[in-house]
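Worksheet: the structure to be examined is printed underneath.
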Amino acid sequence: QVQLVESGGGLVQAGGSLRLSCVASGLTFSTHAMGWFRQAPGKEREFVAAFSWSGGRTYYADSVKGRFTISRDNAKNTAYLQMNSLKPEDTAVYYCAADFRGAGKSTDEYDYWGQGTQVTVSS
């Protein structure tokens, strides 16, 4: 049974910061790329950031580059998304995902998904 459990979402004012966490179980964490995606009401799910399963490569959507940082701790089976300088446009449900031996940024590539955590950024 594979499970991804997210936490850290909440309400924050514009310019503030949040740190999302994703704890994975039931899989070999180190053989999976980890990704973060988000979905705002009425919009399609979009790529935010990814961390490759090997080689330490990271990728970011242009809209968050320079503000968000993805990281992972394989010893803790945990991925993180540090979000700084938050904007109202960042408001969405944020999803953690795992991609077996991947490094992609497409939703179709990911094998497992978390339940999502709400991030709301007020003006």
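Across the stretch 9-33, the qualifying residues are those that are assigned to a loop (DSSP other than H, G, I, E, B) and among the small types (Gly, Ala, Ser), and the one among them that is farthest from Gln118 (Cα to Cα) is Gly26.
Looking across the stretch 52-70, the residues that are open to solvent by less than 40 Å² (accessible area, probe 1.4 Å) and in a strand (DSSP E or B) come down to Phe68, Ile70. Just one of (1) under 20 Å from Gly102 (Cα atoms); (2) touching a residue at least 40 places away in the same chain (Cβ under 8 Å) fails for Gln82. It is (1). Among the residues of the stretch 31-50, the ones that are open to solvent by 70 Å² or more (accessible area, probe 1.4 Å), at negative phi and of a type outside the set (Asp, Glu) come to 3 in all. Trp36 meets the conditions (1) assigned to a strand (DSSP E or B); (2) over 21 Å from Gln1 (Cβ atoms); (3) touching a Ser or Thr at 6+ places or on another chain (Cβ under 9 Å) in every case but one. The failed one is (3). Against the list (1) open to solvent by 70 Å² or more (accessible area, probe 1.4 Å); (2) assigned to a loop (DSSP other than H, G, I, E, B), the condition Ser85 fails is (1).
State all residues of the stretch 95-109 that are touching a strand residue (DSSP E or B) at 6+ places or on another chain (Cβ under 6 Å) and open to solvent by less than 40 Å² (accessible area, probe 1.4 Å); if no residue qualifies, say none. Of everything in the stretch 95-109, those that are touching a strand residue (DSSP E or B) at 6+ places or on another chain (Cβ under 6 Å) and open to solvent by less than 40 Å² (accessible area, probe 1.4 Å) turn out to be Tyr95, Cys96, Ala97, Ala98, Asp99, Gly102, Ala103. Among the residues examined, Thr28 does not qualify as more than 21 Å from Thr107 (Cβ to Cβ) and in contact with a Cys (Cβ under 9 Å, 6 or more places away or on another chain).
Residue-level check: of (1) surrounded by 12 or more Cβ atoms within 10 Å (Cβ to Cβ); (2) over 16 Å from Tyr112 (Cα atoms); (3) within 14 Å of the chain's Cα centre (by Cα); (4) of a type outside the set (Asp, Glu), Lys76 misses just (3). Any residue at all in the stretch 21-30 that is closer than 20 Å to Ala103 by Cα and either open to solvent by 60 Å² or more (accessible area, probe 1.4 Å) or among the acidic types (Asp, Glu) (or both)? Scanning the stretch 21-30, I find at least one residue that is closer than 20 Å to Ala103 by Cα and either open to solvent by 60 Å² or more (accessible area, probe 1.4 Å) or among the acidic types (Asp, Glu) (or both), so the answer is yes.
Inside the stretch 1-14, can you point out the residues that are within 20 Å of Ser122 (Cβ to Cβ) and either open to solvent by 60 Å² or more (accessible area, probe 1.4 Å) or β-branched (Val, Ile, Thr) (or both)? Across the stretch 1-14, the qualifying residues are Leu11, Val12, Gln13.
With the structure loaded, tell me whether Ala49 is more than 28 Å from Gln1 (Cα to Cα) and aliphatic (A, V, I, L, M) or whether it fails that test. Taking the combined requirement at face value, the residue does not satisfy it.
The values are calculated or read from the model by the stated rules, or taken from the named source; none is laboratory data. Here the structure is a predicted model, which is why all the values come from computation and not from measurement. Positions of Cβ are generated from backbone atoms using ideal geometry, with glycine treated the same way; all protein chains shown enter the neighbour counts. Note: areas computed on protein heavy atoms with side chains; ligands, DNA, RNA excluded. Shrake-Rupley method; radii C 1.70, N 1.55, O 1.52, S 1.80 Å.
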